[in-house]
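Quick notes on the structure that follows.
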Amino acid sequence: MIKITFDGFLTHPCDCMEIRMNVDDTVKAIKDMEIRGAGRIARAGAAAIGDMARSQKWKNIDEMRSDIKTAKDKLLASRPTAVSLLNGIQFTLKGFDKCTDVKEAKELLIRNSDDFIRASNEAVEKIGVIGSRRIKDGATILTHCNSSAALECIKVAHRSGKKIKVYATESRPWRQGILTVNELAKEGIDVTMIIDSAVRSVMKRIDIVIVGSDTITSNGAVINKIGTSQLALAAYESRVPFVVCGETYKISPQTLFGDMVTIEERDISEIVRKGEVPDSVKVFNPVFDSTPARYIDGIVTERGIVSPGSVYEIMVQQFGEIEFK
Ligand code: RUB
């Protein structure tokens with residue numbers, strides 16, 4: 001298990017696909033950001049349910065149902081913003097309600113979990129290929145935080161022989177930018193790290209902004225790491241294309257029915273150390289923000305590049321059969 005502790009530095013990319021963990025350990029790892037990034041937490045949630053089905057013994061289906069529900073609730077409470085986690089778990093549980101015996105239910109959950117994980121990884125690969133075509137030879141790219149989908153586009157462009165440069169934001173307070181620059185440097189990509197507040201200043205050097213997504217809403221807005229909307233505004237002002245990468249399971253059907261996306265607020269110790277400011281000072285640490293559709297030039301999905309305005313159609317195709325409670 002790769003350990004990432006919060007001391008202001010992230011040192012290792014985590015990839016839960018190599019790791020098999022029980023539900024409680026998965027929940028802890030997600031809460032502690034040892035497993036992070038919307039795609040990874042979705043795969044970790046699906047993997048935890050699949051492994052529970054693989055390893056646990058139940059006397060009857062009612063007992064199994066009750067344990068799976070508890071596991072689902074715990075996983076969903078681990079991080080509130082990325083709908084990918086909910087969708088990954090919903091996908092894994094598809095058909096579970098109709099199972100009448102433990103053997104059948106176990107097989108279904110294991111199969112669904114494996115299918116989701118495979119499809120999720122394949123989606124990132126496809127996004128990489130599709131998104132890379134939007135990157136011109138000689139382009140300078142700006143990215144934010146650490147998105148496996150966004151970085152895949154950049155890596156595929158580089159591997160195809162395009163000469164590219166990347167600016168990567170630090171992404172305070174967790175500094176996921178450290179992961180990003182390490183990942184890109186390892187690939188041999190020319191990468192420059194900047195502090196978050198340098199975004200507008202460097203925008204004149206940028207040809208395209210490519211970021212990831214945690215949740216995509218029915219009106220085409222994108223929820224991603226705090227600061228993403230600032231990048232979008234600066235790009236809009238400079239007429240620089242702003243492209244979002246998102247697997248279709250990052251679309252939130254709940255938003256169609258009026259639900260708002262919960263923006264996670266994390267502990268203030270991520271921003272200030274104890275005693276650094278008087279107790280009277282309030283500290284606010286929202287870790288995601290929403291970028292309205294009008295600032296987004298395209299959303300790169302595994303089905304192709306779509307406009308924010310077509311999210312509704314994809315939502316219907318993708319989730320038409322799923323019941324949301
Ligand atoms: C990560 C983040 C990423 C998205 C998409 O935030 O905002 O841009 O999750 O990532 P955190 P991916 O580090 O707080 O989880 O493309 O890997 O799903």
Item checked: Qualifying positions in segment 191-214 - assigned to a loop (DSSP other than H, G, I, E, B) and away from the ligand (no atom under 16 Å from the Cβ) -> Ile195, Ile206, Asp207
Next item on the list: Among the residues of segment 72-91, count how many are among the basic types (Lys, Arg) and part of a loop (DSSP other than H, G, I, E, B).
Entry: 1
Check: Among the residues of segment 158-174 satisfying the criterion of being within 12 Å of the ligand (Cβ to nearest atom) and surrounded by fewer than 23 Cβ atoms within 10 Å (Cβ to Cβ), which is nearest to Ser132 (Cα to Cα)?
Finding: Arg172
Notebook entry, point to check: Picking from Thr92, Thr81, which residue would you name as being away from the ligand (no atom under 16 Å from the Cβ) and either closer than 23 Å to Gln254 by Cβ or surrounded by fewer than 23 Cβ atoms within 10 Å (Cβ to Cβ) (or both)?
Noted result: Thr92
Notebook entry, point to check: So which residues in segment 215-226 are in a strand (DSSP E or B) and of a type in the set (A, V, I, L, M, F, W, C)?
Noted result: Ile216, Val222, Ile223
Notebook entry, point to check: Which residue pairs have Cβ atoms closer than 9 Å, lie 6 or more positions apart in sequence or on different chains, and pair a first residue in segment 143-157 that is assigned to a loop (DSSP other than H, G, I, E, B) and near the ligand (Cβ under 10 Å from one of its atoms) with a second residue that is at pLDDT below 95 and of a type outside the set (Phe, Trp, Tyr)?
Noted result: Asn146/Leu10; Asn146/Pro13
Next item on the list: Filter segment 20-42 down to residues that are closer than 26 Å to Glu270 by Cα and of a type in the set (Lys, Arg) and give me whichever is nearest to the ligand (Cβ to nearest atom).
Entry: Arg36
Next item on the list: Determine which member of the set Ile127, Ile68 is away from the ligand (no atom under 16 Å from the Cβ), out of contact with any Gly (no Cβ under 6 Å at 6 or more places or on another chain) and β-branched (Val, Ile, Thr).
Entry: Ile68
Next item on the list: Working only within segment 116-157, note down all residues that are open to solvent by less than 50 Å² (accessible area, probe 1.4 Å), over 16 Å from the mean Cα position of the chain (by Cα) and within 27 Å of Gln318 (Cα to Cα).
Entry: Ile130, Gly131, Ser132, Ile154, Val156
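The values are calculated or read from the model by the stated rules, or taken from the named source; none is laboratory data. All values reported here derive from a predicted model rather than from experimental measurement. With ideal geometry, Cβ positions are generated from the backbone for all residues, glycine too; neighbour counts draw on all protein chains shown. Calculation scope for accessible area: heavy atoms of the full protein, side chains included, ligands and nucleic acids excluded. Shrake-Rupley method; radii C 1.70, N 1.55, O 1.52, S 1.80 Å.
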